[in-house]
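See below for the structure under consideration.
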Amino acid sequence: MAYQFIDTHAHLDGDEFATDRAETMARAREAGVGAIFLPAIDLPSSQRIIALCSQHPGYLYPMVGLHPEEVRADWREQLAAIKPLVSQCIAIGEVGLDYYWSREFEQEQLQAFEEQVQWSVETGLPLMIHCRKAQNEMVHIIKRYARELPGGVFHCFTGNEHEAQELLQFDRFVLGVGGVLTFKKSHLPEVLPAAVPLDRIVLETDSPYMAPVPMRGQRNEPAYVAHVLQRMAQSYGITEEELARKTNENVARVFGVKI
């Protein structure tokens, strides 16, 4: 394959890849994946990811952060331990808000997210933002820092045109789109070309979760981002090569990483 593309979100450090991580990366390279970005969810994963990426420089790129579902009463201690690792990373993430399962730590999530947003302002590193059932609260916080933030990705976008427009008001941010685009009942093939310009989108898998069709139900892996690329190119009515070039440009602009 003459062109390459980037998986901007894969949890390659997870136990799901413990027995075949090298083979997984080899399959990704063969599929055309020129780089893989690894988000963290807590302190142990932040440490694992930095170690793993240091073994594969120029191919695996680290992020560190405290995922909203991992926010507990000890969130301050977690962030204090994670912060010194930020200087080794391309972004801060995966951070955000998630009230899908519970609002038990609602206030702690808001405080932890805002502190990590402040890290982004301080360091100039982009954010990898996870948001579920909390878009209003998340947008409220981002608005307060919008002029100072360097940008980032609203990861796993699955919304409608109105939600896309609300997120795209933050002009240095892009939407991350993965396997949901390929699902039979997904409305994304219509929403994206109507509401999301080509310079505001990046590819992702969220491996090992949400594998795209025709791999749905299996463990997801970075090689499968090729299926997302294929469906997205059809949706926009352009070639896969053109979409790969455009999304790579978007990644370079947001993260400073070129392949």
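The values are calculated or read from the model by the stated rules, or taken from the named source; none is laboratory data. Since the structure is predicted, the reported quantities are computational estimates derived from the model, not experimental observations. So basically every Cβ, Gly included, is an ideal-geometry build from the backbone, and we count neighbours across all protein chains shown. The area values use the complete protein model at the heavy-atom level, side chains included, leaving out ligands, DNA and RNA. Shrake-Rupley method; radii C 1.70, N 1.55, O 1.52, S 1.80 Å.
General observations
- Scanning the stretch 169-190 for residues that are open to solvent by less than 40 Å² (accessible area, probe 1.4 Å) and over 14 Å from Ala211 (Cα atoms) yields a total of 7.
- Long-range neighbours under 6 Å by Cβ, at least six apart or interchain, first residue under 12 Å from Arg231 (Cβ atoms) within the stretch 181-195, second at pLDDT 95 or above and not in a helix (DSSP H, G or I): Thr182/Pro212; Thr182/Val213
- Taking the criterion of being part of a helix (DSSP H, G or I) and open to solvent by less than 40 Å² (accessible area, probe 1.4 Å), the only residue of the stretch 29-42 that qualifies is Ala31.
- There is at least one residue in the stretch 90-97 that is within 18 Å of the chain's Cα centre (by Cα) and among the acidic types (Asp, Glu).
- Output for the stretch 213-229, where each listed residue is part of a helix (DSSP H, G or I), open to solvent by 10 Å² or more (accessible area, probe 1.4 Å) and of a type outside the set (Gly, Ala, Ser): Tyr224, His227
- Test: residue in the stretch 250-257 that is farther than 25 Å from Thr123 by Cα and either in a helix (DSSP H, G or I) or free of Cβ contacts under 8 Å to residues at least 12 places away in the same chain (or both): no
- Close pairs (6 angstrom Cβ cut-off, 6 or more residues apart or separate chains): in contact (Cβ under 8 Å) with a residue 24 or more places away in the chain and within 20 Å of Met215 (Cβ to Cβ) in the stretch 228-247, among the acidic types (Asp, Glu) and assigned to a helix (DSSP H, G or I) anywhere: Leu229/Glu240
- When Ser102 is tested against the conditions (1) of a type in the set (S, T, N, Q); (2) open to solvent by less than 10 Å² (accessible area, probe 1.4 Å); (3) free of Cβ contacts under 8 Å to residues at least 12 places away in the same chain, the lone failure is (2).
- Among the residues of the stretch 49-71, those identified as outside any helix (DSSP H, G or I), within 23 Å of Cys156 (Cα to Cα) and open to solvent by 10 Å² or more (accessible area, probe 1.4 Å) are Tyr61, Pro62, His67.
- Conditions (1) touching a residue at least 24 places away in the same chain (Cβ under 8 Å); (2) under 20 Å from Pro208 (Cα atoms); (3) open to solvent by less than 40 Å² (accessible area, probe 1.4 Å); (4) not aliphatic (A, V, I, L, M): number failed by Cys89: (2)
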